[in-house]
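To start, the structure under review is shown below, and the notes come after it.
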Amino acid sequence: MIKQTIHNLFKNSWYVILGISNCLVSYDLLTNEHFFFWPPQFRNLMNDDRADWIFLIIGIAFFIYAAINRHSNWIITFLLAVSAAFYTLLGFLAWEHMQFAGVSSMGVTASLCFVMVLVILNVARNRDTHR
């Protein structure tokens, strides 16, 4: 059983990588209450922990999906779409902070988010839909 689970995790390594990334990003956002600060009227909305918890759950779901041997096109499409949407939103918010608030360090966050969107699109394109 454990041997099969480890084999599945290696076989579905891109889903594991996405799960790790989602969990780390959501943990960072959960522990940093003031990550987003501009514009000030939307600060509470952008730093809301509910979205961070949803993203953490999506990351854990990637691990579970990679570990089990049953696959569903609907489930993986949902997980990939939610992750791509979250990374796109996070990337644009970071870019907005970089452009309009003058925080140049947010450029790295924006770049990495857009790279993750490209990774998700590549995984979606190359996944096996005939399992």
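The values are calculated or read from the model by the stated rules, or taken from the named source; none is laboratory data. Keep in mind that this is a model prediction, so the values were computed, not measured. Ideal geometry is used to build each Cβ from the backbone, glycine not excepted, and the neighbour counts take in all protein chains shown.
Tabulated data for the structure shown
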| quantity | calculated |
| --- | --- |
| Test for Leu56: is it within 12 Å of Ser26 (Cβ to Cβ), under 14 Å from the mean Cα position of the chain (by Cα) and part of a helix (DSSP H, G or I) | yes |
| The lone exception for Phe78 - which of (1) modelled with pLDDT of 90 or more; (2) surrounded by 18 or more Cβ atoms within 10 Å (Cβ to Cβ); (3) of a type outside the set (S, T, N, Q) it fails | (2) |
| Count of residues meeting criterion [surrounded by fewer than 20 Cβ atoms within 10 Å (Cβ to Cβ) and within 10 Å of the chain's Cα centre (by Cα)] in region 59-75 | 0 |
| Residue within region 86-93 that is out of contact with any Asp or Glu (no Cβ under 6 Å at 6 or more places or on another chain), free of Cβ contacts under 8 Å to residues at least 24 places away in the same chain and part of a helix (DSSP H, G or I) present | yes |
| Single residue of Ser83, Ser111 found to be among the small types (Gly, Ala, Ser), at pLDDT 90 or above, surrounded by 14 or more Cβ atoms within 10 Å (Cβ to Cβ) and within 29 Å of Arg125 (Cα to Cα) | Ser83 |
| Subset of region 6-37 that is farther than 27 Å from Ile64 by Cα and crowded, with 17+ Cβ neighbours inside 10 Å - its residue that is modelled with the lowest pLDDT | Phe36 |
